[in-house]
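Shown next, in structure tokens, is the structure this report addresses.
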Amino acid sequence: MKKLLLSAVFATSAFALAACGGGEEEKTLKIGASNVPHAEILEEAQPLLEEKGIELDIVPFQDYILPNKSLASEEIDANYFQHIPYLESQMAENKDYDFVNAGGIHIEPIGVYSKKHKSLEDIPEGGTIIMSNSVADHGRMLSLLEKEGLITIKEGVDKTTATVDDIDENKKNLKFKADVEASILPQAYNNDEGDAVLINTNYAIGAGLNPQKDAIALEGSDSPYVNIITVRKGDEKNEEIKALVEVLHSEEIQKFIEEKYEGAVVPVDGK
């Protein structure tokens, strides 16, 4: 019985071992990621990890829900798609999520896009602002609109958790449509819906938009919404995870991010 139990433990280990030439074993790290830019960045990191004896198996996801579900069910070893406020909101909603931040990798400045208007100042009285249904991003989006002078947030409210209900002054009596799935925000923009659409950079890039050129307003690079490597609590100490974060913080990967995304994705070198 003890032998059977031990076999089961090894068989279900989060970090699989794949046999390679010469009788040596190569460690495999399975990580879930959004297609753009996360999976692209991981693909660039693959050969650097191979040099460390780690095979990186990238599992692409199209939404913001399944990557954490897959991590909780141990289908993957880590995920790379979310920022800390979103992670915290998901852990509050799902008590079985016992996750930690293994390292911050980059920032994706969120942008405001419009086919109707060339600036936020042009948005008319009573105009409609379209936002994602991700409540964890609402404070971030509203903070951008506040910075641009369209609204103010009630005094004393934590801006990272602010919602539409926390708007104090709304100079143009703007209407907010905040129930759109994040992945279809570019479609709302292309369909010329509303007066402006706030789109997460990964989805903007994936839809062929250039945040630096196409956005009429863009979040600053000092944003606290750093995209992180998320793992189950305790796994942040695993050597494979440490190696992954180290490689993603390397000069080679940071240079790749800077050159490929031209400021639409900003690398960070801390946790």
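From the residues in the stretch 119-150 that are among the hydrophobic types (A, V, I, L, M, F, W, C) and touching a Ser or Thr at 6+ places or on another chain (Cβ under 7 Å), which one is most open to solvent (accessible area, probe 1.4 Å)? It would help to see each step written out before you state the result.
First pass over the stretch 119-150, keeping only residues among the hydrophobic types (A, V, I, L, M, F, W, C): 120, 123, 129-131, 135-136, 141-142, 144-145, 150.
Now narrow it down to the ones that are touching a Ser or Thr at 6+ places or on another chain (Cβ under 7 Å): 135-136.
On the way: Val135: 86, Ala136: 14 Å².
That would be Val135.
Could you tell me whether Ile153 is farther than 30 Å from Phe256 by Cβ and either open to solvent by less than 20 Å² (accessible area, probe 1.4 Å) or modelled with pLDDT under 95 (or both)?
Working: farther than 30 Å from Phe256 by Cβ: yes; either open to solvent by less than 20 Å² (accessible area, probe 1.4 Å) or modelled with pLDDT under 95 (or both): yes.
Answer is yes for this residue.
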Revision key, fill the gap. Residue pairs qualifying under the 8 Å Cβ cut-off, at least six apart or on distinct chains, with the first in the stretch 213-238 being small (Gly, Ala, Ser) and the second being in a loop (DSSP other than H, G, I, E, B) and open to solvent by less than 10 Å² (accessible area, probe 1.4 Å), are Gly220/Pro109; Ser221/Pro109; Ser223/Pro109; Ser223/Ile110
Check your understanding: Would you call Val180 under 17 Å from Ala204 (Cβ atoms) and open to solvent by 10 Å² or more (accessible area, probe 1.4 Å)?
Key -> yes
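Can you find, within the stretch 73-86, the residue that is nearest to Asn200 (Cα to Cα) among those that are in a helix (DSSP H, G or I) and open to solvent by less than 40 Å² (accessible area, probe 1.4 Å)? Before you say what the answer is, go through the steps one by one.
From the stretch 73-86, those in a helix (DSSP H, G or I) are 84-86; that's our starting set.
If we keep only those that are open to solvent by less than 40 Å² (accessible area, probe 1.4 Å) as well, we get 85-86.
Working: Pro85: 14, Tyr86: 13 Å.
So the residue we want is Tyr86.
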Check your understanding: Looking at (1) surrounded by 15 or more Cβ atoms within 10 Å (Cβ to Cβ); (2) over 23 Å from the mean Cα position of the chain (by Cα), which is the one condition that is false for Tyr189?
Key -> (2)
**Study point:** Test result for Val59, aliphatic (A, V, I, L, M), within 28 Å of Glu252 (Cα to Cα), surrounded by fewer than 21 Cβ atoms within 10 Å (Cβ to Cβ) and modelled with pLDDT under 95
**Key:** no
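The values are calculated or read from the model by the stated rules, or taken from the named source; none is laboratory data. From a predicted model like this one, the values you see are computed outputs, not experimental measurements. All Cβ positions, glycine included, derive from the backbone under ideal geometry; neighbour counts span all protein chains shown. To get the accessible areas, we keep the full protein, side chains included, count just its heavy atoms, and leave off ligands, DNA and RNA. Shrake-Rupley method; radii C 1.70, N 1.55, O 1.52, S 1.80 Å.
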